[in-house]
Amino acid sequence: MRLVGSMVISKFASYLTVTKMCKEYRIFNNDGASVSLTDIGAGIVSVIVPDRDGNMADVVLGYRNLRDYFYDGPCAGKTPGRFANRIALGRFSIDGRVYDLECNNGPNALHGGPCGFHNRIWDAEEIPGGVIFRYTSADGEEGYPGRLDVEVGYVWQDGNVLTIDYKAVTDAPTIVNLTNHAYFNLSGHSSGSCLDHLLRLDCGMRLPSDDTDIPLGIVAPVIGTPMDFTVFKSLGRDIGRGFENLSTGRGYNHFFLIDGWVGDGSLRHAATLKDMKSGRCLDVLTTQSGLMLYTGNWLDGSPLNKDGRPYRDYDGVALECQAAPDSPNHPGFPSVILRPGEVYRHRIVYRFSAE
């Protein structure tokens with residue numbers, strides 16, 4: 001262990017893979033709260049924060065064995081890419097040239113492909129209060145054009161604020177959509193269903209989608225539908241209603257547009273999640289245009305958790321700040337094309353508190 005700025009950072013639990021060691025990094029702030037990160041998929045392993053009485057608990061779902069983060073179905077805590085979420089029929093075009101991807105989610109491509117950024121070991125550099133992870137995606141990797149150099153930087157601050165900065169550059173036109181895929185349960189990662197958590201979204205509009213979770217290309221208001229989280233309500237209140245693909249998808253797996261987004265790089269508040277039992281709260285801020293709400297509808301069968309038990313469906317909720325699914329195939333959506341000479345930059349902030 002060594003002191004890095006005002007933070008303590010340590011490396012432990014290394015596992016030998018075919019090509020190199022993978023590592024976990026734990027960072028403490030001056031409040032005694034901590035974050036653990038891994039170079040597998042540039043991911044979050046744990047976030048340990050206090051409840052209203054000062055009791056610490058790990059509020060991020062994760063696995064007992066570090067090696068289980070490779071090729072896990074839930075993509076727990078990691079950085080999916082080169083394009084997070086779905087691309088219809090695994091096909092998109094740039095400047096008239098068509099690119100085909102492997103379809104790994106029914107008829108669609110998901111999270112960059114079967115390997116994806118989330119199943120790669122990233123290079124890591126310790127910095128004051130955090131870690132920067134770097135990965136170079138070769139031209140043609142998973143079918144995507146252009147070499148892409150990516151950075152994901154995490155900083156854990158006093159006040160229990162985790163900031164994630166994304167940066168990417170390319171040598172040829174390509175598409176990029178990066179996010180974090182952590183699942184949160186503010187009662188504690190192993191405490192069971194999170195459907196009693198209260199959620200409010202700063203999102204008055206949503207993207208209706210088909211039964212494979214591909215947007216229909218229209219924007220719809222949330223008011224008067226089960227998609228309305230403009231005031232606090234429990235995740236489970238309307239989850240069973242027979243509305244659009246809530247039923248076929250077994251819960252929320254829907255994209256919401258963040259109010260006031262204009263693409264100027266400003267940080268906007270997107271969501272607040274509350275657990276009334278512990279008093280823990282999570283505020284999510286981002287520069288991204290939208291947020292994917294996923295209530296962990298398919299967590300059954302995931303690797304054993306950090307307490308050695310299996311997770312069940314709805315044990316955690318993901319609030320994935322990102323560009324819209326299938327954006328490359330919808331000219332009316334904000335562009336996700338990155339060209340040489342441009343820099344992809346986005347930020348996500350997770351701010352934990354208790355009340």
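Points to keep in mind about this one:
Each row is one residue, and each column tells you yes or no for (1) crowded, with 23+ Cβ neighbours inside 10 Å; (2) closer than 24 Å to TYR344 by Cβ; (3) touching a Lys or Arg at 6+ places or on another chain (Cβ under 6 Å).
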{"residue": "LYS78", "(1), (2), (3)": "yes, yes, no"}
{"residue": "GLY81", "(1), (2), (3)": "yes, yes, no"}
{"residue": "ARG97", "(1), (2), (3)": "no, yes, no"}
{"residue": "GLY106", "(1), (2), (3)": "no, no, no"}
{"residue": "LEU110", "(1), (2), (3)": "yes, yes, yes"}
{"residue": "HIS118", "(1), (2), (3)": "yes, yes, yes"}
{"residue": "ALA124", "(1), (2), (3)": "no, yes, no"}
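- Among the candidates ILE40, ILE44, ILE9, ILE27, residue that is modelled with pLDDT of 95 or more and either more than 26 Å from SER278 (Cα to Cα) or more than 21 Å from the chain's Cα centre (by Cα) (or both): ILE40
- Condition check for THR170: closer than 28 Å to THR248 by Cβ and either open to solvent by 20 Å² or more (accessible area, probe 1.4 Å) or among the hydroxyl-bearing types (Ser, Thr, Tyr) (or both): no
- Flag if SER209 is touching a helix residue (DSSP H, G or I) at 6+ places or on another chain (Cβ under 8 Å) and surrounded by fewer than 23 Cβ atoms within 10 Å (Cβ to Cβ): yes
- The residue pairs whose first member lies in region 341-355 and is farther than 13 Å from TRP156 by Cβ, whose second member is open to solvent by less than 30 Å² (accessible area, probe 1.4 Å) and among the small types (Gly, Ala, Ser), and whose beta carbons are closer than 6 Å, counting only pairs six or more residues apart or on different chains, are TYR344/ALA168; ALA354/GLY279; GLU355/GLY279.
- The residues of region 264-284 that are farther than 21 Å from ASP53 by Cβ and in contact with a Lys or Arg (Cβ under 9 Å, 6 or more places away or on another chain), listed by number, are GLY265, LEU267, ALA271, VAL284.
The values are calculated or read from the model by the stated rules, or taken from the named source; none is laboratory data. Because the structure is a prediction, the values reported are computed rather than measured. Backbone-built Cβ (ideal geometry, glycine too); neighbour counts: all protein chains shown. Note: accessible area is taken over every heavy atom of the protein model, side chains too, but ligands, DNA and RNA are not part of it. Shrake-Rupley method; radii C 1.70, N 1.55, O 1.52, S 1.80 Å.
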